[in-house]
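In what follows, a structure is listed as structure tokens, so that the remarks can point back to it.
The values are calculated or read from the model by the stated rules, or taken from the named source; none is laboratory data. All figures in this text were calculated on a predicted structure; none of them were measured in a lab. Here Cβ is always computed from backbone atoms with ideal geometry, including for glycine, and neighbour counts include all displayed protein chains.
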Amino acid sequence: MARLVSAPAPTALSLATQVRVIYGDTDRMGIVYHGTYLRFMEHARVEFMRNHGVVYAEMEREGFGLPVIDLALSYLAPAKYDDLVSLWVGISKVGYARLNFCYELSVEPGDRHELESRVVLLHAVTQHGCTRLEDGRATRMPEHTYERLNALLEHATT
């Protein structure tokens, strides 16, 4: 996967959730710390899956995990204290043991004091590998999870 992303993969993105920036997310200048965006992306990914019938906690109870194995991210503009950040997510690739999510984080008009036009904060892609939690070894996704995620991808590309 490329290390620099200038735009998300050409797939439909949907609003997974929004998060309000708190002081704990920022540095001394009131700007969101760069590592915080990874937590925002995890929040978006988990809610996106939940919104589409794949509950990550249930996968873990079944003994499977989807750790991040690769990440490409381009920061375009900073989020600031008290912004309401919109977390957009889509699936760009699904295999039996791997899948890719793409992201766009933004602040929409009205979600920052006196903001009149949309601000895109970042574009990113994460690649995940399915593992067995008991030993951390790579494995195929549960069939029902694969089918649901693949159906999302097919729906997004038609």
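Scanning the stretch 89-107 for residues that are among the β-branched types (Val, Ile, Thr) and either over 21 Å from GLU62 (Cα atoms) or outside any strand (DSSP E or B) (or both) returns VAL89, ILE91, VAL107.
Scanning the stretch 108-148 for residues that are in contact with a helix residue (DSSP H, G or I) (Cβ under 8 Å, 6 or more places away or on another chain) and either part of a helix (DSSP H, G or I) or over 24 Å from LYS80 (Cα atoms) (or both) yields LEU133, ARG140, MET141, PRO142, THR145. Against the condition outside any strand (DSSP E or B), among the acidic types (Asp, Glu) and touching a residue at least 60 places away in the same chain (Cβ under 8 Å), how does ASP82 come out, does it pass? So ASP82 passes the test.
Confirm whether ASP70 is in contact (Cβ under 8 Å) with a residue 24 or more places away in the chain, within 16 Å of VAL19 (Cβ to Cβ), surrounded by fewer than 19 Cβ atoms within 10 Å (Cβ to Cβ) and in contact with a strand residue (DSSP E or B) (Cβ under 8 Å, 6 or more places away or on another chain). Here the answer is no, as ASP70 does not meet what is asked.
Looking at VAL19, VAL85, VAL5, can you tell me which residue is modelled with pLDDT under 95 and touching a Leu at 6+ places or on another chain (Cβ under 8 Å)? Only one candidate passes the filter, namely VAL5. Please work out which one of (1) within 28 Å of GLY136 (Cα to Cα); (2) modelled with pLDDT of 95 or more is the condition GLY53 fails and give its number. It is condition (2) that GLY53 fails. Inside the stretch 89-105, can you point out the residues that are surrounded by fewer than 22 Cβ atoms within 10 Å (Cβ to Cβ) and either free of Cβ contacts under 8 Å to residues at least 12 places away in the same chain or within 21 Å of TYR33 (Cβ to Cβ) (or both)? Once the filter is applied, which keeps residues that are surrounded by fewer than 22 Cβ atoms within 10 Å (Cβ to Cβ) and either free of Cβ contacts under 8 Å to residues at least 12 places away in the same chain or within 21 Å of TYR33 (Cβ to Cβ) (or both), the stretch 89-105 yields GLY95, GLU104. Within the option set ALA124, ALA79, ALA44, being surrounded by 15 or more Cβ atoms within 10 Å (Cβ to Cβ), under 22 Å from ASP25 (Cβ atoms), over 11 Å from the mean Cα position of the chain (by Cα) and not basic (Lys, Arg) holds for one residue only, ALA79.
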